Amino acid sequence: MNIVYNVMVFLHIVGAAMIIGIWIGNMKKPIVHPRQFDGAMTQLVTGIVMMGLIPALGKDANYFKLGIKFAIALAVAVLAFIGMRRFKKGEDVSKGLAHGVGGLALLNAAIATIWAA
């Protein structure tokens, strides 16, 4: 069970890297790339799986913190979905939308690492 949890943590980090990396790489001309939506979905799914594995592994969890992270991840996924649809249609993606996706994902990573368990 520990191996499954550790794989989920790895994939969770990969999802964050997909969102934040594309955001930083396109900082001068902000866009929302479809891979950012993929990263957001990766984060949501792996986060939910990890929350389910916590009690099974006998780990202690701060569910208030995890609830906040889930709400932010959900917002990132919705914004990334909107941006992805606009990107695929060839429409302009607003800077606010692009920075919202990247900035909220970065905030979520900060909460995960800075907020003590």
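The values are calculated or read from the model by the stated rules, or taken from the named source; none is laboratory data. None of these values were measured; they are calculated from a predicted model. Cβ atoms come from the backbone with ideal geometry, glycine included; neighbour counts cover every protein chain shown. Quick note on the areas: whole protein, heavy atoms, side chains included, nothing else; ligands and nucleic acids left out. Shrake-Rupley method; radii C 1.70, N 1.55, O 1.52, S 1.80 Å.
Can you tell me which of I54, I72 is among the β-branched types (V, I, T), assigned to a helix (DSSP H, G or I), over 18 Å from the mean Cα position of the chain (by Cα) and closer than 26 Å to N6 by Cβ?
Numbers: I72 fails: over 18 Å from the mean Cα position of the chain (by Cα).
I54 is the lone residue from the list that is among the β-branched types (V, I, T), assigned to a helix (DSSP H, G or I), over 18 Å from the mean Cα position of the chain (by Cα) and closer than 26 Å to N6 by Cβ.
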Within region 54-70, the residues that are within 12 Å of I111 (Cα to Cα) and exposed (fewer than 12 other Cβ atoms within 10 Å of the Cβ) are F64, G67
Tally of residues being closer than 16 Å to L104 by Cβ and surrounded by fewer than 19 Cβ atoms within 10 Å (Cβ to Cβ) across region 9-23:
2
Would you pick out the residues in region 23-47 that are closer than 28 Å to N2 by Cα, among the β-branched types (V, I, T) and either in a loop (DSSP other than H, G, I, E, B) or in contact (Cβ under 8 Å) with a residue 12 or more places away in the chain (or both)?
T42, T46
Between residues in region 67-84 that are touching a residue at least 60 places away in the same chain (Cβ under 8 Å) and residues that are among the hydrophobic types (A, V, I, L, M, F, W, C), which pairs lie under 8 Å by C-beta distance while being six or more apart or on different chains?
A80/I19; A80/V32; A80/F37; A80/A40; A80/V101
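State all residues of region 76-86 that are open to solvent by 40 Å² or more (accessible area, probe 1.4 Å) and over 14 Å from T42 (Cα atoms); if no residue qualifies, say none. Break it down stepwise before answering.
Going residue by residue through region 76-86, those that are open to solvent by 40 Å² or more (accessible area, probe 1.4 Å) are 78-79, 81-82, 85-86.
Result: L79, I82, R85, R86.
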Within the bounds of region 24-41, is there any residue that is open to solvent by 40 Å² or more (accessible area, probe 1.4 Å), of a type in the set (K, R) and either touching a His at 6+ places or on another chain (Cβ under 9 Å) or modelled with pLDDT of 95 or more (or both)?
yes
Conditions first: (1) touching a residue at least 12 places away in the same chain (Cβ under 8 Å); (2) open to solvent by 50 Å² or more (accessible area, probe 1.4 Å); (3) assigned to a helix (DSSP H, G or I). N108 passes all but one, so which condition is the exception?
(2)
